[in-house]
Structures are given as C-alpha cells and as structure tokens.
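The values are calculated or read from the model by the stated rules, or taken from the named source; none is laboratory data. Just so it is clear, the structure is predicted and the values come from calculations on it, not from any experiment. For neighbour counting, all protein chains shown are included, and Cβ atoms are generated from backbone atoms with ideal geometry for every residue, glycine included.
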Amino acid sequence: MKAAPFDYHRPETIDDAADMLGALPDARVLAGGQSLVPMLNLRLAYFDNLIDIRGIRELSMASTLSDTVRIGASVTQAEVELNSDLARSVPLVARALPFVGHFPLRNRGTVCGSIAHADPAAELPAVLVALGGTVEVTSTSGRREIPAGEFFLGTWWTALKEGELVEAVRFPIAGDRSGCAVREVARRHGDFAIAGSAVHVEVDDAGCVAHSGIAMFGVASTPVHAREVEELIRGARLGDLDIEAVGAAAVAGLDDIPDDSNASSLERRTLAAVVARRAVVDALSEATR
Amino acid sequence: MLHACFVRSPLARARIASVDVEKACAVAGVRGVLTGADINGEVVDLWYSQVGPDVPRTPLPPLAEGEVRFAGDPVALVVADDRYVAEDAAELVAVDYEPLDAVVDLHAALDSDSLVHEGWAGNVCAELATPTDHLAEAFANAAHVVETEIHQQAYVACPLETRGLVVEWSPADGSLSVWASSQSPHDFRQFASRLLGVAEHKIRVICQDTGGGFGQKINAHREDIVLLLAARHFPAPLKYIEDRRENLMASSSRRESGRVRMALNAEGVVQAATIDHLSNAGAYPIPYPLISSAAVGAIFPGPLKYQLGAFSTKCVFTNTPGLTAYRGPWEFETLAREVSLDAAARQIGVDPAELRRRNMLSRHDLPHTNALGMTLTDMTPLETLELALEAVEYEVFRQEQDEARAQGRYLGIGISSYVEPTTTNMPHHGSEGATIRVEPSGTVNVYLAGGSAGNSLETTAIQLTADALDVDVGVVNTVQGDTALTPFGSGTAGSRSGSMVAGAIRETAAILRNRIAEVAADALGVRAEVIEVAGGSAFVEANPINALTLAEVAHHAYFGKDAAGGLEASARYHTQAPNLWANASHICTVEVDIETGLVRILRYVVAEDCGPMINPNVVEGQIAGGVVQGIGGALLEHFEWDVDGNPLATTFVDYLLPSTTDVPIIEYLHMEGSPGPGPGGFKGVGEGGAIGAPAAVANAVADALSPFGVELRELPLSPATLLRHLADGGAG
C-alpha cells in the first residue's frame, strides 16, 4: 500500500496555494489527509501534485465573529472539539465531532477537509447543512461564498470549481434557548453512519419551536436538508409532538437511499426515521430544559 | 535489500491468456518479475508437517498458472529497489484474463457445473461421515426433535502484523536465511528444506516478536513459498511485507454451515444428536482441511452426556481464499451445539440454564467416552457453568429482564460451554525440547523453539525455569525463535505451548539441578545426595552457612577442576495423553435496541478450567483476546464476497474488528479444579476464548429477541440482520 509518485508542495500563503492549484496539473489540496492519504496509498486516487496547506498561518485560525464561528481550512477537528468557547457557540458542531472517527484521527482530520471531502455518510457536512452554514472558497480568480445548501452535489462531489480551495467554513452561532443532538446508527463508534440525523432547534418563551435546522446523513448521495421535519415541528412543543410523524417526515422525500452490505435501502429508511425522531426529541428536550 | 510485491488477480475465476511483464521490467529500479512459469517448476516437495505427506495433496501452485482461482490469487512477483517502485511496476504487469463463472456459494458449489479444480468432482475437497442407523430409534421415540441450521460467515484472523518475510540466499555456501513472521520457526525450516531441496542445516529461520498469528502463521503460505523460491533468483536479501488489503483478501477464510438435529426425551435430556457440516476450503486450503472438519464432528457432543451421535462433514472448494487455521479451528461445533441447545430450550419451554444442568457432564462423570468415541478427562463442565451462573446472578438477571421488557427494553442472556482438546500428541506436535544454560556469571538462559506471536511464551518460559531451578526470575533470560540456536519444537499451535514448554523445562531442569548438586558437592567436599538446590543457591541442609550461590557453582563448573562438564542441560519432553482437555462456560448479557438492531454487551463472564495457572495475567490475556475475536465474529466481522466472488471488505473501513469501545470488561473466574495429566497439571488456554464467545453472544441476542419469535440462523448479527428478523417475526 504505497502511493503512486506525486510532487509535494507546501505553500505559506493562501495566494501561493491558489496559484499552485491554478497552475499545477492534476493538483489536489492536502490538509489532514485522513481520507486522501488512504485513497492514495490504496491507489484508488492518483494526483501529480499535492498542495499541503498546513503551512499557511491564515488557515489555522478558528474565531468567533458577531453571529458566526469561522473555522479555517487547516484547523483540526480536535482543536475545535477542545475549544470550549467554540463548543458553546456552535454546540451542534461540538456534539457531532465525537462521532468523527476516533480522537487520534481528529488530531489530524480537519473540519473543512471533512466538508470538502463530502462523504454523504459523514457528520460534519450534515451539520453544515442543518445549520445553514457557508463555505468560503478562493482561487486565482477571487473569493466567493457558497451556502451549505448549494455546496454538496453528490458523493465526494462539491460545488468547488477547478482551481478553488476551501479557505474556511462558517457556522451560525446558536441562540440562547436552543438545543441540539446528533443521533446515528453505525456498526461501531466512529464509523461512517448507516443513517444519521443532526438537529438544532430554538424555542420561544412558551417552549414552542421557533426555528430548527435538521439534516439527515447516510441516506442519499449528499447530506439531506430535512425541510419537511422543520415545517412539521415549527410552533410545536415537546409534549404535543407527533414523534412518529417526525420520523415519517424525515424520510418522506428520500428516493435514492443507498443499498449496501450494511443495510438495504428499506432498512436505512427505517433507521433514518428512528434516528431523526430520537434526535428531534433529544434536541427539543435540551432546548426546553 | 530488495522489495517484493505481488500482482494479484482482480477476478475470482478466470483463464490467464497471457502475462506480459515487459513494461514492468522496464521501470527504473525493477530487478525482475517472476511468474508461475518461472518458478513453479522449482518446487521439489511440498507438504505440511502438521498432516504429513500421506494425506491427499490439494493443488497448491506457488503462483497462479493457467487459471486464477480467487480475487487476490498471486499471479506474479515484482522485485524492485523499494516497495514504491515495486507497486508502480506491478500496475504495469499486463495480465490478459478471460473471466469464468466463479464458484462462491458454499451450498451451490456442490451442484455447480463449474469446478474450482479440474478433477475434484462436485468441488468436494474432502468428506467424512459416520453411520447414522443406530440413531433412528432415538429420534423415532423422542418427545422432542429440534432441528436448527446455522451459518457462520467468513471471518478471518487479522493479525495486526500482516504476513511477511525476508529471505537471503547465500550462493557461496548454498545457505538460506529467513526472517519470518511465523508461529513455527523450526517447521518453517523443515518446510523450506523440503520445498527447495536444500539441506535443513543450511537453512536458518529467525522469528522474533511476531505481531499476532492466531493460527494464520502456523504453516507457510503460497506467498512464503514464492519468496523462498525467489530467494535464489536475486543476489540480495529480498523482503515482502503483506499489506492489509492483501491480508484481508488473500490470507484465509473460514466459512461454515451446519444442520443440527437433536432428539430429547420428555425431561429435556438429549438422547441423540447429529450435525451435517459444510466447511469452505476456498481455492487453496492449507493444510489438508479434513483434520479440523472432522474435529467439528467429533467434538460436537461437547460437554453433553448423550451417547448416540453421528456427523457428516464436507470441505468444499470455492473461488475464495483458502482455509487456514484460525484460533479454535473447530469452533463451529460449539456455535452449532450451544445455539441448538438454546433453540431446544425455547422449543420445549425449559430455561436454557436448566436444560444444560440436565445434560452436562460434571467432573464426577469423567472419564467419559463421547458419542463419537473421544474420551474426555479431567474437566469441570457443569462446575464452570454453575460458577458462571452464580457470578452473573442468573435469577436476578431474569427478573431484570422481565422488568425491562415491561418497559419496552430487551435484555438477553446467553450461555456457551465448551470442551477443548488442547496439546495433542499428534506426532509433529507431541514433543518439545529445551536447553537451559547457567552462564559463567550465574545468570540463566533457557533456549526454546518459540513461535510466540504475542502469547507471552517468553514470560511463561522464564517463570517456569525460575521455578524449576528455584532461582529469581530476574536472573533468567530466554532465547526463542531462531533455528540456529534453539532445540527443535513445532511452535505455537493447538494451545500446546504452555504444557509442552513446561514439560521440556521440567525434564531439562531436573538434569541441570543434578549437575548443580554435583558441582556444588565437589566444591564443598560432600556427597551430591546431601546437596539442596534452592533459593538461588546450593547448600548442605545441615550447614547452610556454607551455601554456594549459583554464580559460585557456575564458576566451579566452568573454571574449576571439573570444567569439562559446564553447567547446562538439554532434554526433550514427549507428551503421552492424546490431548489435555480444557473447558469453560461463557455467559454474556446484552441489550438489543429493537428499533435500530444495535446490540450492546452488558456483561461478559468466563468461568474456565485450564488447570493450575502458570501466570494468571497470561491466562486472562489469552482469554480476553479470544473473546474479543469471538465477539467480532458474532456481531461485526464479515469477509463478504458478492455473487461474482469480489471481496467486499478489503480494508478496516469495511472489515469491522471490535475496538476497545466495542467490548465490555471481561470477568474471569478460574476453576483450577481438574489438573490435566501433563506437567504441573497445566492445560492449554490459547484458543478457548474464541471458541466460546460467538455462541454466548448469539444466544444472548436470540434470548433478548425471544418475545418476537425470532430464531437467529446466521452471523454476524448486524443491525440490518436483526431488523430483518424482527420484521419477519416468527418466520425467522
């Protein structure tokens, strides 16, 4: 298991990285390498040029802005997980991180890398969709922002164009009366989910859902924004929630559920309904506690 | 050092129309590419010591020639200056495959028109059946006849250190050095000697710190054979380290299936039982697989008393990796029997613990000749069951289970008891040698064949030697795993090392103690008979003040007037009992989430009897490792192929080993109640954990789901499998 030959580059500025990505043939960005390196070693992926962005200081910052948390492209998952300020500001991110592999992997894996890799069964892309976050990208033609809802196009396929690299992702900061939960079914802790649900809810003074952000993962070729569930629970209180309807709504729109040796499409649908129901109940319980 | 990499078949079955190595050979840094045509003809004699030369020899070409027979079948060997270059070049070896229909399913293989190997009709590699006529009456008169079918998925040994070796041929003196990852250095040497036609004493095999074997590394595999043959083609040491994908795809696959029939009387006492067993031989089993298959049949009665039994077994060729030993190679007997007992308990409405009480042998029933003619001795089956039941507070659990069910939570408890023949006296495994040398300084070295792959054989040997000579463990060192330095022994296999090494050390230390006494007597001017050897010194009991330390004795032995004798001894131990029976009862409790199909293990209790423990840490370590592998087999691990024989789990992303977060604290109870007939009463304990665990977990899950009328028939018990069973309900 040795990678095919490639040239390794380690730029020190974002502009240099963008220049390299624009100019070098068959180039790929390397951050934590938790997905890319195994694929290279298994020779499932071949690139002539790898651009390691971990030497770029500007990408190594995670910061709290007025209403969002901004996480630079080389910030590791562990750095976010261990930062209690960030965990308070975007609790759904903090809640999701323990499900991402195991701690030693999160010491290398980056938040942006997981999102850019766009595995449909991964937690962080779903969290970005649930919270309506934003991906900041850059290239030699300039910077642009891509809303989460437009970023994920398919399995390992995003709206990033040739020559673009992810500079940061932004997650909106949670309100005071909010609750969140990540529920998933995986064969073992840390595995990609067979089906999962990430839920963020905010309630009003009466304990009714004022706003929610819900996404499903592992059940399609991208994370799925569960708008029907958000509609269903708007204005609802924990006590009068029709939880079976929540599960049904979470899977109602799914028409291309993966079928593999871990679970058939039908079994995934069943599991997705269960995790969505449980995550909504958990999040709402937390918000109204 | 040169580095090797295999070109492997991407197809499960195909004709090889051509192999073109030209482009690969042209890569800078490539030293050569070998194909079957280049080296297969160099094999002088190929058979395995464990089974001898007289069993049928199943096909075993070093490299595939003419046809590939599983996805992963080695077709060519690329040798280059480093492994990167070797892998680059391997991609350029152009093999023209003409796909053929692959034989994958175990049952379908028997009726398939396609043959894995020409001349092996019905894809039957080996078969054996005992008469059944004498059972007809028992089944006709039975109050209950219970029939169960169980399928055990392919799951593999997964040593964390994969297979691999370094070979170095020295043309000047015609000698070969091998650094191997093997459980049996001396057997590896014998094997290489036969294979190459090179005299045994011209081959040196060194095995140090092997990172796991679990049976996979008892015998040389085709990759080892190819490297041994390739050694003479290259003027430098040649290294091959298997990668994980290769280990999963190509190292081995155990996959079994069985149909059990049990006849019980109205009291729930088993009167007769049969098992019809199928075992996957794969394409290239190593060694001849009937040995372990027959053991499944012969040990199937396990700890049960019934006297009427029969079995049939077939080993079936398929286009999958070849069967090799995996920790408790006959484990299927325990899975099939214990799952059937629980099915019987549910069918006739008796508690599964109670059903076992009515059927299991106690120490007072032994010796006992089982229904297939095996004589069981020196065990505590019923006693370990009672011990485990007490530890797990069985009755209390049943109450908790009722209360939980009332709240919609599903708890289950599973029992699995087994008896295990350890330390056989089969010719190749029946003896073991040791050399113990007191060095001139008084420190001690004990030389043993070794083959430890994480079995703590080093600790065990040092401890046994220190005890036998009555010296501090701190002054003893051990040298193992080098055929040039150590006495012959057949390595770690069949849970033999503890007892055999104890025997070898006992025999050797007895001689050495006499020699110590002789030297000390000479130095002290007394008769040897009055010398005591104890506490690290030699002395006359009446006059301990004049005691000689071992260092002083050694000084006399090497530099005194009788220096011809030195201070070392060698001896061999030959075990007489056909085997040493060990036994255990495992009890597992689980909670099943019926909405997700996820299983959480709550408690895991092992009550075992391996005789007196040489070292409890080693015993518990062995049990823990085996239990974890069994849990993996019950819940997670699945080396699966699609219908065309393509492997679906070729990395640890898909081949799911239990990790530390997936296994419970294992609770150990040691009976030490029935010493075996071997040295110290010690019995084997290396494999039992893996034998007992799959059935304990499976029974616990089935027990949890019993309110739904679910009968589980296949492993692993994945969430999807359990959801399917729950959806089907009683249809199971």
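Okay, here's what the table says:
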quantity: Wholly enclosed strands (runs of 3 or more DSSP E) of region B:250-359 bearing at least 1 residues at positive phi and surrounded by 23 or more Cβ atoms within 10 Å (Cβ to Cβ); calculated: B:270-282
quantity: Subset of region A:252-266 [within 14 Å of chain B (Cβ to nearest Cβ) and either part of a loop (DSSP other than H, G, I, E, B) or touching a Lys or Arg at 6+ places or on another chain (Cβ under 7 Å) (or both)]; calculated: A:ILE257, A:PRO258, A:ASP259, A:SER261, A:ASN262, A:SER264
quantity: Search result, residues across region A:172-214 that are part of a strand (DSSP E or B), within 14 Å of another protein chain (Cβ to nearest Cβ) and β-branched (Val, Ile, Thr); calculated: A:VAL185
quantity: Identity of the residue in region B:697-719, assigned to a helix (DSSP H, G or I) and of a type in the set (A, V, I, L, M), that ends up farthest from the chain's Cα centre (by Cα); calculated: B:ALA704
quantity: Looking only at region B:497-527, and only at residues there that are among the β-branched types (Val, Ile, Thr) and surrounded by fewer than 24 Cβ atoms within 10 Å (Cβ to Cβ), the one that is modelled with the highest pLDDT; calculated: B:ILE511
quantity: Test: B:HIS574 is more than 27 Å from B:GLY692 (Cβ to Cβ) and either surrounded by 16 or more Cβ atoms within 10 Å (Cβ to Cβ) or out of contact with any Gly (no Cβ under 8 Å at 6 or more places or on another chain) (or both); calculated: no
quantity: A:ALA245 in contact (Cβ under 8 Å) with a residue 40 or more places away in the chain and away from every other protein chain (no Cβ under 14 Å); calculated: no
quantity: Residues that are among the aliphatic types (A, V, I, L, M), in contact with a helix residue (DSSP H, G or I) (Cβ under 6 Å, 6 or more places away or on another chain) and not in a helix (DSSP H, G or I), drawn from region A:76-111; calculated: A:VAL100
quantity: Sole exception among (1) away from every other protein chain (no Cβ under 14 Å); (2) surrounded by 15 or more Cβ atoms within 10 Å (Cβ to Cβ); (3) within 30 Å of B:LEU636 (Cα to Cα) for A:ARG269, by number; calculated: (1)
quantity: Looking only at region B:659-668, and only at residues there that are under 14 Å from B:VAL590 (Cβ atoms) and not aliphatic (A, V, I, L, M), the one that is farthest from the other protein chains (Cβ to nearest Cβ); calculated: B:PRO664
quantity: Selection count where residues are outside any strand (DSSP E or B) and either in contact with a His (Cβ under 7 Å, 6 or more places away or on another chain) or surrounded by 13 or more Cβ atoms within 10 Å (Cβ to Cβ) (or both), scope region B:528-562; calculated: 15
quantity: Those residues of region B:648-677 which are within 16 Å of B:ILE601 (Cβ to Cβ), part of a loop (DSSP other than H, G, I, E, B) and not hydrophobic (A, V, I, L, M, F, W, C), in sequence order; calculated: B:PRO658, B:SER659, B:PRO664
quantity: Residue under evaluation B:THR661, criteria (1) surrounded by fewer than 24 Cβ atoms within 10 Å (Cβ to Cβ); (2) more than 21 Å from the chain's Cα centre (by Cα); (3) modelled with pLDDT of 95 or more, criterion not met; calculated: (3)
quantity: The listed residue being outside the structural domain of A:ALA122 (by TED's automatic domain parsing), touching a Cys at 6+ places or on another chain (Cβ under 9 Å) and closer than 19 Å to A:HIS117 by Cβ, out of A:ALA17, A:ALA27, A:ALA73, A:ALA31; calculated: A:ALA31
quantity: Only one of B:GLY645, B:GLY680, B:GLY684, B:GLY689 that is in a loop (DSSP other than H, G, I, E, B), more than 14 Å from chain A (Cβ to nearest Cβ) and out of contact with any Asp or Glu (no Cβ under 8 Å at 6 or more places or on another chain); calculated: B:GLY645
quantity: Filtered residue count, region A:236-249, keeping only those that are out of contact with any Leu (no Cβ under 9 Å at 6 or more places or on another chain) and crowded, with 23+ Cβ neighbours inside 10 Å; calculated: 1
quantity: Pick from region B:360-379, criterion in contact (Cβ under 8 Å) with a residue 24 or more places away in the chain and of a type in the set (Ser, Thr, Tyr), ranking: surrounded by the most Cβ atoms within 10 Å (Cβ to Cβ); calculated: B:THR377
quantity: In region B:600-634, the residues that are under 25 Å from B:GLU390 (Cβ atoms) and within 14 Å of chain A (Cβ to nearest Cβ); calculated: B:ARG600, B:ILE601, B:VAL628, B:ILE631, B:ALA634
quantity: Qualifying residue in region A:59-67 (condition: part of a loop (DSSP other than H, G, I, E, B), free of Cβ contacts under 8 Å to residues at least 40 places away in the same chain and of a type in the set (A, V, I, L, M)); calculated: yes
quantity: Yes/no for B:GLU242 being out of contact with any Asp or Glu (no Cβ under 6 Å at 6 or more places or on another chain), under 22 Å from B:PRO10 (Cβ atoms) and surrounded by fewer than 24 Cβ atoms within 10 Å (Cβ to Cβ); calculated: yes
quantity: Residue match in region A:82-92 (condition: surrounded by 19 or more Cβ atoms within 10 Å (Cβ to Cβ), under 16 Å from the mean Cα position of the chain (by Cα), modelled with pLDDT of 95 or more and hydroxyl-bearing (Ser, Thr, Tyr)); calculated: no
quantity: Candidates A:ASN83, A:ASN41 - the one that is within 14 Å of another protein chain (Cβ to nearest Cβ) and over 21 Å from A:THR158 (Cα atoms); calculated: A:ASN41
quantity: When residues of region B:128-148 are limited to those that are under 29 Å from the mean Cα position of the chain (by Cα) and buried (at least 16 other Cβ atoms within 10 Å of the Cβ), the one nearest to B:GLY211 (Cα to Cα); calculated: B:THR148
quantity: Residues of region A:147-165 that turn out to be within 18 Å of A:PRO120 (Cα to Cα) and not aromatic (Phe, Trp, Tyr), as a count; calculated: 10
quantity: Counted residues, region A:253-280 - those being over 20 Å from B:ALA727 (Cα atoms) and more than 21 Å from the chain's Cα centre (by Cα); calculated: 1
quantity: Failed item, numbered, when B:ALA484 is tested on (1) assigned to a helix (DSSP H, G or I); (2) closer than 19 Å to B:ASN445 by Cα; calculated: (1)
